[in-house]
Amino acid sequence: MTEDEASGLARHDLLRVDPASWERLVAGRQDLDGVPHLAEWARRGWPVITRRRDPGEPADHIPAGLPLPPSAGKRRIGLALPIAAASRLAPVTLESARETAPPAWRSVIDDLANLARGYGLVPTVFGSLSWQVLTGLPYLGSGSDLDLLWPVSGRVDPRFLQGLARIEAGAPMRLDGEIVLPDRAGINWRELLDAPIGGTVLCKGRESLALRPAASFLREAAS
């Protein structure tokens, strides 16, 4: 990956890491000695996820991380990757994750896919379901959420958010996730739906947090 490519990364982007670089990175972290799955992580082609930079992390590295499955303690591992060691990986789409999801979730996924098609959207998955798809390890449990990213090209139709809320009301799991704006900042979909008139919502970028007027992200309601 080049510096220009790295500068365009957003939260939740998936990255593969060169196995030799991974070995050096893990070997330099005594706190990771003996942590399950880590030694073979990159060799198996399993990715890491881009996150917000922590204070003091080097600006010439990519802030990334991974969660371990519940069987390994659910520990979240934070890493700073050399730019040249990383390459982009396509996100996991909701429809491609359907067969990995619990059977009780699949009718909800079908409803979400239909809603998405109606608004020209292609949702992607993060969280437990995506990690189970990507690694084959058991991440999902009875209390797992379905975490979704909804990339949009402009303002959001309030009726789409209302449709999400209706689907969640009949779902066996919580629907978490974010609307991903054209500048790749994310807004929690429920916060945008519930924002009062004149209210603000928190926009999360890879390098920033900002409160912005909710109305600036919403289309006017159809008459």
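The values are calculated or read from the model by the stated rules, or taken from the named source; none is laboratory data. Computed from a prediction, not measured in an experiment: that's the story for all the values here. Cβ coordinates were reconstructed from backbone atoms using ideal geometry, including for glycine residues, and neighbour counts include every protein chain displayed. The area values use the complete protein model at the heavy-atom level, side chains included, leaving out ligands, DNA and RNA. Shrake-Rupley method; radii C 1.70, N 1.55, O 1.52, S 1.80 Å.
The set of residues in the range 179-194 that are assigned to a loop (DSSP other than H, G, I, E, B) and open to solvent by less than 80 Å² (accessible area, probe 1.4 Å) comprises Leu181, Ala185.
Considering the range 122-150, and only residues there that are touching a His at 6+ places or on another chain (Cβ under 9 Å), among the hydrophobic types (A, V, I, L, M, F, W, C) and not in a loop (DSSP other than H, G, I, E, B), the residue that is most open to solvent (accessible area, probe 1.4 Å) turns out to be Phe126.
Is there a residue in the range 209-220 that is among the basic types (Lys, Arg), open to solvent by 10 Å² or more (accessible area, probe 1.4 Å) and in a helix (DSSP H, G or I)? Among the residues of the range 209-220, not one is among the basic types (Lys, Arg), open to solvent by 10 Å² or more (accessible area, probe 1.4 Å) and in a helix (DSSP H, G or I), which makes the answer no. In summary, Ser153 fulfils each of the numbered conditions (1) open to solvent by 20 Å² or more (accessible area, probe 1.4 Å); (2) touching a residue at least 24 places away in the same chain (Cβ under 8 Å); (3) in a helix (DSSP H, G or I) with the single exception of condition (3).
In the range 61-87, of all residues being basic (Lys, Arg) and free of Cβ contacts under 8 Å to residues at least 40 places away in the same chain, the one that is least open to solvent (accessible area, probe 1.4 Å) corresponds to Lys74. Please name all residue pairs, on different chains or six or more residues apart, with Cβ atoms under 6 Å, provided the first residue is in the range 31-60 and is open to solvent by 80 Å² or more (accessible area, probe 1.4 Å) and the second residue is not in a loop (DSSP other than H, G, I, E, B). Within 6 Å, the pairs are Arg43/Pro19. Scanning the range 100-109 for residues that are part of a helix (DSSP H, G or I) and in contact (Cβ under 8 Å) with a residue 12 or more places away in the chain, we see that the one that is surrounded by the fewest Cβ atoms within 10 Å (Cβ to Cβ) is Ala104.
Could you look through the range 1-26, keep only residues that are open to solvent by 80 Å² or more (accessible area, probe 1.4 Å) and outside any strand (DSSP E or B), and pick out the one that is nearest to Ala210 (Cα to Cα)?
In the first step, residues of the range 1-26 are kept if they are open to solvent by 80 Å² or more (accessible area, probe 1.4 Å); the result is 3-5, 7, 16, 23-24.
Checking which are outside any strand (DSSP E or B) leaves us with 3-5, 7, 23-24.
Values: Glu3: 25, Asp4: 24, Glu5: 24, Ser7: 19, Glu23: 36, Arg24: 36 Å.
For the range 1-26, the residue satisfying everything is Ser7.
Would you confirm, using the coordinates I've provided, whether Arg206 is charged (D, E, K, R), open to solvent by less than 60 Å² (accessible area, probe 1.4 Å) and assigned to a loop (DSSP other than H, G, I, E, B)? So Arg206 passes the test.
Report yes if Ile197 is touching an Asp or Glu at 6+ places or on another chain (Cβ under 7 Å) and either farther than 25 Å from Ala101 by Cβ or assigned to a strand (DSSP E or B) (or both), otherwise no.
Values: touching an Asp or Glu at 6+ places or on another chain (Cβ under 7 Å): no; either farther than 25 Å from Ala101 by Cβ or assigned to a strand (DSSP E or B) (or both): yes.
Answer is no for this residue.
Taking the condition assigned to a strand (DSSP E or B), open to solvent by 20 Å² or more (accessible area, probe 1.4 Å) and either touching a helix residue (DSSP H, G or I) at 6+ places or on another chain (Cβ under 9 Å) or within 15 Å of Gly154 (Cα to Cα) (or both), does Asp176 pass? Answer is yes for this residue. For the range 97-108, residues that are closer than 24 Å to Gln162 by Cβ, over 17 Å from the mean Cα position of the chain (by Cα) and of a type outside the set (S, T, N, Q) total 4.
Here is a check on your reading of the model: is Leu164 over 18 Å from the mean Cα position of the chain (by Cα), part of a helix (DSSP H, G or I) and crowded, with 17+ Cβ neighbours inside 10 Å? Can you show your working first?
Numbers: over 18 Å from the mean Cα position of the chain (by Cα): no; part of a helix (DSSP H, G or I): yes; crowded, with 17+ Cβ neighbours inside 10 Å: yes.
No, not satisfied.
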